[in-house]
Structures are given as C-alpha cells and as structure tokens.
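The values are calculated or read from the model by the stated rules, or taken from the named source; none is laboratory data. Predicted model only: the values in this text are computed from it and were never measured. FYI the Cβ positions are ideal-geometry reconstructions off the backbone, even for glycines, and counts take in every protein chain you see. Just the protein is used for accessible areas: all its heavy atoms, side chains included, with ligands, DNA and RNA removed. Shrake-Rupley method; radii C 1.70, N 1.55, O 1.52, S 1.80 Å.
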Amino acid sequence: MADPVAEHIIALRDEDWAIREDAAARLGSLKDSRAVCPLIFSLRDHDRSVREAAIGALTAIGAPAVPALGECLADPDLAVQEAASAALASIADSRVLDQLIRALRSLDWIVRMHAAKALGRIRDAGSISSLVPLLQDRVKAVREEASSALAAIGESAIPALVGSLAHQDWLVRLHAVESLGKSKSQHAVTPLLSTLFNDTDSAVREDAVHALGQIGDPQAVDYLFTAMKEPRLRTLAVEALGQIGDRRAVPLLIEVVKGTAPPETTGTIEGCGDQWSEETVTQAAAVRALGIIGDDTALPTLATALSSTFTRAEAAAALARFGQKSIPWLLPLLTGSPDDNVRYHVKETLALVGWRGKGMK
C-alpha cells in the first residue's frame, strides 16, 4: 500500500524546487509527525518558497514539531532561527518557553519579534523581565510585539510596565503606555493619569489619553474634561470619553458639537482649506462619541449636526445607532430641509433604522 507521507518526504529532496514546495505543503496537510525532521531540514533549502512551505507545514503539524523547532532557535544559521521562530509564534507552546526567552536576545530582529509574539500568546509571567528591555529595541516591530506581549500577559506585567513609565527614553515610556492601554487593567488608570499630566513628551501624553479610552474606566472622565482644554489633547480626549461611555460626558460633548464653548485657539488642518480646523475635527469626534454613548438627550443635537458639512456623515451614523428612537428627529428634515445632501443622509439613516414610508425610494 502506498505511503503518501513517505513519498512526499522523498520529494523534499527533488531537484525541482516546485516539487519540493508542493511536497512540503502536502506534508503540512497530512500533519504526520514523521515529516518533522525532513521539514526541519527543508528550512535550509536555498529556495525561499520551499522554506516558506516548510514553515507552514511545521506550523500545521503543531505540537509534535515544537521540540525540534525549539532546537532551531539556537541554530548558527539566522535564517533557520527566523523560520523556527515564525512557526513557534503561531504554535505558542510553553514547552519551549526558555528557548523563546533566550531568542529575545538574538542578533536577528525578526527572531526577536517572533519570539516576543510567541511569548505573548503563551502568557507566562516568567517572561516579563525579558520582554521589558525590548521596549527600547532599535526596531519598531520588535518594540510593538513586546508591548503587545506584555499587555497579553496581563496583571502580572502591570508593575513592570508602570515602572517603565519613569524611563528616561521617551520611546520606552510610549510603548509602556501603549501596553497598559491594551491590557485594559484598572490598575493602570492612576499611573496613566500621572503620565498624562506630568510627562514631558507630547506623544507620550497623547498616547496616555488614548490608553485611558481603551481601558474604559469611568474614574478617568473628570481628568479627560481637563485634558480637553489642551489643544493637542482635545480631540483625543473626546474620543476617549466616547470609548468610556460615561453619560457624565454627554453635556460637554453636546457643547462641543454645538460650538457653544470653543477653545481659545484652534489651528487649520493643513491641506484641507481654511474652513477645516482642529475644532471641526473635534466636533466630528464628539458626534461619534455621542453615538457610542447612546444617551437620548443627544438626539436633537445629532439631528442638527446633519446640517453641517463637517459633521453630517458622523451624525447620520450616530443617529443610526439609536435605532427607531431617531425617527422623530429625522422626519422633519426629510420633508423640510432644502439641502439635497441632508435629505440623502436622512433617507439613508431612516433606511438603516427600518423606517419605510413616504419619501423613501
């Protein structure tokens, strides 16, 4: 009886690269552990497509391939390290935890990146102290994977990330802030608020606002009201208030949309003409935030916002989120607005909320 696994293993040594590639792919679909060692050998193939097929096959085989892939992380050939780390990033098996931690010190940034991703998926607290230094890696992709990994590990990583908020390198602080936001931990709120009002770097402070929105804890609301007074933070703070969803923000967001309490200074948006300003962008963000929060008191303001070019599309989307509650505010505009664009958006919104009546086509 023919043994397809044995046949494809033999084909891995064929002179034709296309046959070797096909053999590797087929071995992946068969998922037979006998193919692990031959596929490991194919990681050294001179043809890139064959190497990639071998990586895919080893990833598909999964757990049986892990020990051999772990050994490859110490291979003198960096290309083999890259291939093995890519597979392990997908498999994420704790049996090679120590080898992945050592791989974080690889000279190859691709290996470091994949190792960090794998550790984030394994979520072992023992890797925290090795991941934190990668927040200052010279390669952005490595820093981002380390940040995501620490966030995935969760509460155990919070003290280390909070400690990184005091690092002298602003990039380390930036990625620590990003990680804290992704963690969605309530224990990160107070340190992030401190960063928001005390950090010397504007990018770090901006990311702190974004992180507070990601976490969504209502204790940040009053502080975000204060942050709105700073031009560079104003739009970000409005977006964060929408993410948090606390109804205390509704009156202030309505004021922003109406323009009743504009900031003392606002700049124009470069390339958009004199009519577009930073505040019009903030007004659009406030409309979106009101739609997310879903407080009925915002309905008349959102209906009025359909009249403005700057907020029309956002207002239509926000009103649609209210469902049929928005219909009484939309119908007068359907028949009474002289603006074809307004009526178009009103019709689209009414259709989305399920209204069918006169004036609808």
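A compact table of results
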| read-out | value |
| --- | --- |
| Residue match in region 257-278 (condition: part of a helix (DSSP H, G or I), modelled with pLDDT of 75 or more and exposed (fewer than 15 other Cβ atoms within 10 Å of the Cβ)) | yes |
| Residue in region 164-181 that is farther than 15 Å from Ser147 by Cβ, outside any helix (DSSP H, G or I) and of a type in the set (A, V, I, L, M, F, W, C) present | yes |
| Complete set of residues in region 286-306 that are within 26 Å of Pro231 (Cβ to Cβ) and surrounded by fewer than 23 Cβ atoms within 10 Å (Cβ to Cβ) | Arg288, Gly291, Ile292, Ile293, Thr301, Thr304 |
| Residue match in region 308-320 (condition: assigned to a loop (DSSP other than H, G, I, E, B), open to solvent by less than 20 Å² (accessible area, probe 1.4 Å) and either of a type in the set (Gly, Ala, Ser) or in contact (Cβ under 8 Å) with a residue 40 or more places away in the chain (or both)) | yes |
| Any chance Ala157 is closer than 29 Å to Ile292 by Cβ and open to solvent by less than 30 Å² (accessible area, probe 1.4 Å) | yes |
| For Leu236: the one exception among (1) at pLDDT 95 or above; (2) open to solvent by 10 Å² or more (accessible area, probe 1.4 Å); (3) over 23 Å from Gly291 (Cβ atoms) | (3) |
| Complete set of residues in region 35-69 that are of a type in the set (Lys, Arg) and either surrounded by 15 or more Cβ atoms within 10 Å (Cβ to Cβ) or outside any helix (DSSP H, G or I) (or both) | Arg44, Arg51 |
| Which numbered condition Pro76 misses (of (1) more than 21 Å from Asp124 (Cα to Cα); (2) in contact with a Ser or Thr (Cβ under 8 Å, 6 or more places away or on another chain)) | (2) |
| Residue in region 87-104 that is more than 22 Å from Ala63 (Cβ to Cβ) and either at pLDDT 95 or above or surrounded by fewer than 16 Cβ atoms within 10 Å (Cβ to Cβ) (or both) present | yes |
